[in-house]
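Structure, as structure tokens:
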Amino acid sequence: MKVLVLNTGSSSIKFQLFEMPDGRVLARGVVERIGEEMGHITYQGGVEYQEATQLDYDVAIADHNQGLDEIIKVLLDQQHGPINSTDEIQAVGHRIVHGGDKFTLPTIIEPTVFDELKKISYLAPLHNPAGMIGIAVAQETFKGAIQVAVFDTAFHQTMPDFAYRYAIPESLYQQHGLRAYGFHGTSHQYVVKAGATFLHRPLESFNAITIHLGNGCSMAAIRNGQCIDTSMGLTPLGGLVMGTRSGDIDPSLLLFLGEHLDMSFKEIDQLLNKESGLKGLTGTNDLRSVLDKYHQNDRHAILAIEMYVYRIKKYIGAYMAALGALNALIFTAGVGENSSFIREKVCDGLQVLGIEVDTAANTQRTGGIRRINSSNSRVAVMIVPTNEELEIAQQTFGLL
Ligand code: ADP
């Protein structure tokens with residue numbers, strides 16, 4: 001069965017077509033700059049075959065409808081596409097950022113679900129509306145296919161109330177849903193499952209701390225395969241120092257920005273989401289560039305890296321205390337999978353917690369899932385490449 005996974009943003013649609021249940025990738029790509037003067041498409045077909053093709057071209061794309069049309073065009077292309085008819089696609093899995101506390105599992109999108117999604121859109125005004133456009137255009141195009149929503153927040157819905165509630169009046173939670181939800185759930189779920197399988201441990205008795213370090217960064221504490229705490233909160237702004245986001249700050253800082261610097265809510269939002277984190281500290285949000293500057297002894301980069309690493313360490317300590325016992329510490333995403341330097345620095349001095357990295361294993365440049373802990377380490381330290389699209393495809397397929 002062919003499952004199409006769509007990740008629709010405000011001006012882009014990322015897509016991957018899978019053959020399920022084996023998870024083979026038939027095609028993947030991204031349509032970008034929707035609504036701009038000129039759009040752009042990047043496409044890889046036959047990804048896992050000898051005759052793989054790569055396409056990269058400009059085409060004007062007025063809206064998401066046309067964006068999806070372009071995706072279909074290339075998927076149906078006689079030379080490059082893996083399908084002959086859209087009917088071959090039997091299910092579409094949509095990445096939806098926020099599921100509120102209503103959606104704890106992947107969900108088939110019935111009309112009532114669409115209405116519920118509309119109601120909680122205010123929780124993720126930058127992300128959910130785009131995801132819903134993706135659903136609407138896919139419903140129109142793939143009339144016979146089952147549409148499934150997979151939520152970034154769902155995996156974290158097993159957190160206990162004392163972890164997800166904020167110490168603010170109860171009415172704000174009851175009436176407005178103000179609580180921590182957590183994000184990157186699909187990634188945390190994928191890597192913890194893959195990590196347990198790799199170690200031949202049943203997920204039901206597997207404790208892990210997962211560290212997703214991409215442009216956005218988050219961590220999760222996982223007991224017996226279920227999330228009990230995570231670093232992001234009501235929105236993806238909380239927790240770790242990220243590419244452009246501040247992570248945790250004293251909330252009074254917002255009051256100061258408003259009262260003393262006359263900043264509007266919009267400006268504060270822009271400052272904390274887009275101009276803070278590594279970018280705010282060093283001028284660049286790309287960790288590779290920050291590391292280059294660090295190695296040239298740039299004092300801003302040194303401070304930024306120290307803060308980035310220190311924040312992760314603090315969460316490891318906190319999650320160790322919350323979990324009591326730990327089987328694995330799992331690094332994933334762009335930085336987690338690729339930077340031996342950051343992994344080494346994060347684990348440095350954590351012997352007291354049973355965490356010890358083997359330098360040779362850590363710096364070896366092999367792909368795939370691997371262990372990088374020393375033989376003395378009580379905890380398995382691992383790199384598990386994330387694959388959110390495959391997780392969405394599996395969850396979509398699982399529902400059918
Ligand atoms: P996104 O959150 O957009 O999916 P990624 O998971 O691709 O992001 O991660 C992007 C981050 O990974 C960037 O900060 C980039 O600098 C960093 N990164 C990628 N490769 C390396 C590397 N070899 N060393 C250090 N950082 C890396």
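Structure notes:
- Count - residues of segment 225-238 that are in a loop (DSSP other than H, G, I, E, B), crowded, with 19+ Cβ neighbours inside 10 Å and touching a helix residue (DSSP H, G or I) at 6+ places or on another chain (Cβ under 7 Å): 2
- When we screen Thr153, Thr141 for residues that are surrounded by 18 or more Cβ atoms within 10 Å (Cβ to Cβ), out of contact with any strand residue (DSSP E or B) (no Cβ under 7 Å at 6 or more places or on another chain) and polar (S, T, N, Q), the only hit is Thr153.
- Listed by position, the helices (runs of 4 or more DSSP H) enclosed by segment 101-185 that each have at least 1 residues that are within 23 Å of Phe397 (Cβ to Cβ) are 111-120, 128-141.
- Taking segment 244-273 as the range and being part of a loop (DSSP other than H, G, I, E, B) and of a type in the set (D, E, K, R) as the test, the residues that pass are Arg245, Asp248, Asp250, Asp262.
- Of all the numbered requirements in (1) closer than 29 Å to Lys118 by Cα; (2) assigned to a strand (DSSP E or B); (3) among the aliphatic types (A, V, I, L, M); (4) touching a Ser or Thr at 6+ places or on another chain (Cβ under 8 Å), Leu55 misses one, and that requirement is (1).
- Every residue from segment 26-76 that is aromatic (Phe, Trp, Tyr) and more than 25 Å from the chain's Cα centre (by Cα): Tyr49, Tyr57
- Close pairs from segment 176-203: first within 17 Å of Gly336 (Cα to Cα), partner basic (Lys, Arg) and surrounded by fewer than 24 Cβ atoms within 10 Å (Cβ to Cβ), Cβ under 9 Å, at least 6 apart: Thr186/Arg95; Gly195/Arg201
- Restricting attention to segment 250-301 and to residues that are within 21 Å of the chain's Cα centre (by Cα) and within 13 Å of the ligand (Cβ to nearest atom), the residue that is surrounded by the fewest Cβ atoms within 10 Å (Cβ to Cβ) turns out to be Arg288.
- Some residue of segment 26-33 being without any contact (Cβ under 8 Å) to a residue 40 or more places away in the chain, in contact with a His (Cβ under 6 Å, 6 or more places away or on another chain) and not in a strand (DSSP E or B): yes
- Residue, farthest from the chain's Cα centre (by Cα), within segment 338-381, restricted to residues that are assigned to a helix (DSSP H, G or I), surrounded by fewer than 19 Cβ atoms within 10 Å (Cβ to Cβ) and within 16 Å of the ligand (Cβ to nearest atom): Thr363
- Counting the residues of segment 190-243 that are of a type in the set (S, T, N, Q) and under 18 Å from the mean Cα position of the chain (by Cα) gives 7.
- Being touching a residue at least 40 places away in the same chain (Cβ under 8 Å), within 12 Å of the ligand (Cβ to nearest atom), touching a Gly at 6+ places or on another chain (Cβ under 7 Å) and of a type in the set (A, V, I, L, M, F, W, C) is a property that holds for Leu213.
- Pair list, Cβ under 6 Å, 6 or more apart: segment 372-388 residue in contact (Cβ under 8 Å) with a residue 40 or more places away in the chain, other residue more than 16 Å from the ligand (Cβ to nearest atom) and of a type in the set (S, T, N, Q): Ala380/Asn373; Val381/Asn373
- Some residue of segment 318-334 being aliphatic (A, V, I, L, M), without any contact (Cβ under 8 Å) to a residue 60 or more places away in the chain and part of a loop (DSSP other than H, G, I, E, B): no
- Selection status of Ile41, assigned to a loop (DSSP other than H, G, I, E, B) and of a type in the set (A, V, I, L, M): no
- Any hit, segment 228-238, residues being free of Cβ contacts under 8 Å to residues at least 40 places away in the same chain, more than 16 Å from the ligand (Cβ to nearest atom), farther than 20 Å from Val346 by Cα and touching a Pro at 6+ places or on another chain (Cβ under 9 Å): no
- Within the option set Ala136, Ala167, Ala154, being aliphatic (A, V, I, L, M), at pLDDT 95 or above and closer than 16 Å to Thr107 by Cα holds for one residue only, Ala154.
- The residues listed here are Gln54, Gln90; of these, the one that is without any contact (Cβ under 8 Å) to a residue 60 or more places away in the chain and either out of contact with any helix residue (DSSP H, G or I) (no Cβ under 9 Å at 6 or more places or on another chain) or within 18 Å of Gly131 (Cα to Cα) (or both) is Gln54.
- Being in contact with a Phe, Trp or Tyr (Cβ under 6 Å, 6 or more places away or on another chain), in a helix (DSSP H, G or I), within 16 Å of the ligand (Cβ to nearest atom) and of a type in the set (Val, Ile, Thr) is a property that holds for Ile305.
- Residues within segment 320-337 that are touching a Ser or Thr at 6+ places or on another chain (Cβ under 9 Å) and more than 16 Å from the ligand (Cβ to nearest atom), tallied: 3
The values are calculated or read from the model by the stated rules, or taken from the named source; none is laboratory data. All values derive from a computational prediction rather than experimental measurement. Because the Cβ atoms are built from the backbone with ideal geometry, glycine has one as well, and the counts that use them run over all protein chains shown.
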